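**Q** Questions regarding the structure given below will be posed in turn.
The values are calculated or read from the model by the stated rules, or taken from the named source; none is laboratory data. It should be emphasised that the depicted structure is a prediction, and the values quoted were computed from it without experimental measurement. For neighbour counting, all protein chains shown are included, and Cβ atoms are generated from backbone atoms with ideal geometry for every residue, glycine included. Side chains included, ligands, DNA and RNA excluded: accessible areas come from the protein's heavy atoms. Shrake-Rupley method; radii C 1.70, N 1.55, O 1.52, S 1.80 Å.
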Amino acid sequence: FHTFSFEEIKPMILFSGFAFVANLVQFLSYKMDLWFVNFYFFFKEMIGVYALSVSLAQLVWMLPSAVHSVLFTFNSSAEYSLLEKYHKSKKTSNLILLYAIIAAIIGYFLSVYLVPIWFGLEFEDASKLIGILLFGIVPFCYGMGISAYFAGVGKVKYNMIGSIVGMIICAIFDMILIPKYGIMGAAIASVISYLSTVLVYFVLF
């Protein structure tokens, strides 16, 4: 029964709104290439191979996602200066990138050996797609550190901008590459999309 001003909740609404749109757009970007593959080819086998490839390649960013949560908490704290948060985020992002490169190399060679054993010979092409996708996922892991910085210091709209750019780029290259190259084209389009999002983050950072 207390009266309150809209100004009191405006920062929370703005923050959560930008964060929601950024996550929604990112989700659409992840799923978009599957929709385009289905639209142009209707082959469930092709969709299955691509979906498996994406799922396995994205395992690389499970640890960076956890680090993102911790780094966001650090950056949202009032104990540290903006400069401290910037340098901490920069250092963490570089370490995440190093981890992602190592994990991607190990993961790719494991996929060549293990995918046919675990999922059958009909999925052996998945390792080729994983190899392509990792060229986008590894840099995207680096972008997670920057994303945590933006969210922590109240600039979550920058995350939204990067996500929107990535989605638009993904849609454009999906329409160009998938009709001609199928799931290989979808993987390349995803890589370009990831790289464009990270580039936006990097420039703004």
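**Q** Would you tally the residues in region 1-26 being surrounded by 12 or more Cβ atoms within 10 Å (Cβ to Cβ), modelled with pLDDT under 80 and aromatic (Phe, Trp, Tyr)?
**A** Adding up the residues that qualify gives 2.
**Q** Okay, next question. Restricting region 102-147 to residues that are hydroxyl-bearing (Ser, Thr, Tyr) and within 30 Å of Tyr86 (Cα to Cα), which is surrounded by the fewest Cβ atoms within 10 Å (Cβ to Cβ)? Working first, answer last.
**A** Quick first cut of region 102-147, residues hydroxyl-bearing (Ser, Thr, Tyr) only: 108, 111, 113, 127, 142, 147.
Checking which are within 30 Å of Tyr86 (Cα to Cα) leaves us with 142, 147.
On the way: Tyr142: 23, Ser147: 28.
Filtering region 102-147 for residues that are hydroxyl-bearing (Ser, Thr, Tyr) and within 30 Å of Tyr86 (Cα to Cα), the one surrounded by the fewest Cβ atoms within 10 Å (Cβ to Cβ) comes out as Tyr142.
**Q** Of the residues Ser53, Ser77, only one is open to solvent by less than 30 Å² (accessible area, probe 1.4 Å) and part of a loop (DSSP other than H, G, I, E, B); which?
**A** Among Ser53, Ser77, only Ser77 is open to solvent by less than 30 Å² (accessible area, probe 1.4 Å) and part of a loop (DSSP other than H, G, I, E, B).
**Q** Within region 149-196, can you find the residues that are within 30 Å of Ala78 (Cα to Cα), part of a helix (DSSP H, G or I), in contact (Cβ under 8 Å) with a residue 60 or more places away in the chain and more than 13 Å from the chain's Cα centre (by Cα)?
**A** Once the filter is applied, which keeps residues that are within 30 Å of Ala78 (Cα to Cα), part of a helix (DSSP H, G or I), in contact (Cβ under 8 Å) with a residue 60 or more places away in the chain and more than 13 Å from the chain's Cα centre (by Cα), region 149-196 yields Tyr149, Ala151, Gly152, Val156, Lys157.
**Q** Checking Gln58 against (1) open to solvent by less than 70 Å² (accessible area, probe 1.4 Å); (2) within 26 Å of Ile169 (Cα to Cα); (3) modelled with pLDDT of 90 or more; (4) not β-branched (Val, Ile, Thr): exactly one of these is not met. Which one?
**A** It is condition (3) that Gln58 fails.
**Q** Being hydroxyl-bearing (Ser, Thr, Tyr) and either touching a residue at least 24 places away in the same chain (Cβ under 8 Å) or in contact with a Cys (Cβ under 8 Å, 6 or more places away or on another chain) (or both) is the filter here; which residues of region 13-54 pass it?
**A** Just the residues of region 13-54 that are hydroxyl-bearing (Ser, Thr, Tyr), to begin with: 16, 29-30, 40, 50, 53.
Scanning region 13-54 gives Ser29, Tyr30, Tyr40, Tyr50, Ser53.
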